[in-house]
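Visitor: Can you read through this structure? Questions will come right after.
The values are calculated or read from the model by the stated rules, or taken from the named source; none is laboratory data. Bear in mind that the values here come from a model prediction, so they are computed numbers and not experimental data. Every residue, glycine among them, receives a Cβ derived from its backbone with ideal geometry; neighbour counts consider all protein chains shown.
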Amino acid sequence: MKNSVKILVVGSVNMDLLMHTKRVPLPGETMISEKYQFSPGGKGANQAVAAAKIGGDTTFVCCIGNDSFGSQLLDSLTLSGVETKYVKKSKSNQSGFAVIMLEEGGNNRIIVHLASNLDLNKNDIDCAFDENYDGMIIQFELQEDIVIYACEEARKRNIPFIVDAGPALDFPLEKIYGMEILSPNETETATLCGITPVTEDDCKKAAEILTKRTNAKNIVLKLGDKGAALYKNGELTFFLAQKITAVDVTAAGDVFTAAMTVEYLKHGDLAKAIEYANRAGALTVTKAGAQSSIPFKKEVDDFYNINR
């Protein structure tokens, strides 16, 4: 087992505006928000911060805006222990921004404006790959060609790459074949293969389709409060979620992916890594905000050991 793993995260970084409401408004309806808050977020940044907090030696390549939000986003990454020497500052675009309507019970609705994230280019990826890594995490909250290029570069270098298939897009999966792990949530699974993973049969059919399209070694379906499912070598295994009161589910999937990746790259036992990631994701939903809700390794370890 490795004491430490070096991880490259390629992805988005956004400032989130959380609007706390009892429910989302109906068409044409105006509602009064109970409160609002700004919180650093973005799928890539959330995963980089989570990987660092959970013990990975984490490098992040992204693009922030040349504005006050960009400075705050960079500070959040640095304070969380993320290596930021490959963080680029856009010359023309504002920082990425997301509006999150957070309902009672933790469910949300999210609208993202990618802005500076669209300025990340192939040269930025090349610079980051000047170093060696034990693994790479990437998502779809970037330009399609950049995601494809980064996966190609990881594959050329025999670096295992883990793909978090969010947000839900009709992505050309065949162009990023051979990933170590492909991990979509329920909505993303339905978008990518036309099957919502509700029953065991649904999960297996969806995983079979995704495996055929990607030649992924492992498919890990994130099933929300039902836990997760691992499809490997034709076998499907379920992992129950930890029962917990949800406050905000915004970063739960990102933390799950990061925690699973760090643990898997350390010891190679994916089933054990998924169990650990379930605990990390559960802890995350107990607090509001994206990066502000991400637990440190000791918190996850203690929670994991108590609930195993």
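Visitor: Please specify each residue of region 51-64 satisfying the condition of being under 14 Å from residue 265 (Cβ atoms), crowded, with 24+ Cβ neighbours inside 10 Å and out of contact with any strand residue (DSSP E or B) (no Cβ under 7 Å at 6 or more places or on another chain).
Guide: Result: 54, single match.
Yes or no, residue by residue, for (1) crowded, with 21+ Cβ neighbours inside 10 Å; (2) modelled with pLDDT of 80 or more; (3) under 17 Å from residue 43 (Cα atoms):
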site	(1), (2), (3)
257	yes, yes, yes
261	yes, yes, yes
267	no, yes, no
278	yes, yes, no
305	no, no, no
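Visitor: Shifting gears a bit: In region 111-155, which residue that is touching a Phe, Trp or Tyr at 6+ places or on another chain (Cβ under 6 Å) and small (Gly, Ala, Ser) is surrounded by the fewest Cβ atoms within 10 Å (Cβ to Cβ)?
Guide: 128
Visitor: Look through 85, 91 and report the one residue that is touching a residue at least 12 places away in the same chain (Cβ under 8 Å) and either under 26 Å from residue 260 (Cβ atoms) or under 17 Å from the mean Cα position of the chain (by Cα) (or both). I'd like the intermediate steps shown before the answer.
Guide: Details: 91 fails: either under 26 Å from residue 260 (Cβ atoms) or under 17 Å from the mean Cα position of the chain (by Cα) (or both).
Result of the check over 85, 91: 85.
Visitor: Looking only at residues that are among the charged types (D, E, K, R) and farther than 30 Å from residue 162 by Cβ in region 1-36, which one is modelled with the highest pLDDT?
Guide: Top of the filtered list is 29.
Visitor: Here is a follow-up. Could you go through region 55-67 and let me know if any residue there is free of Cβ contacts under 8 Å to residues at least 24 places away in the same chain, of a type in the set (Asp, Glu) and more than 22 Å from residue 128 (Cα to Cα).
Guide: No, region 55-67 contains no residue that is free of Cβ contacts under 8 Å to residues at least 24 places away in the same chain, of a type in the set (Asp, Glu) and more than 22 Å from residue 128 (Cα to Cα).
Visitor: Can you tell me how many residues in region 230-255 are among the small types (Gly, Ala, Ser) and surrounded by fewer than 22 Cβ atoms within 10 Å (Cβ to Cβ)?
Guide: Counting residues in region 230-255 that are among the small types (Gly, Ala, Ser) and surrounded by fewer than 22 Cβ atoms within 10 Å (Cβ to Cβ) gives 3.
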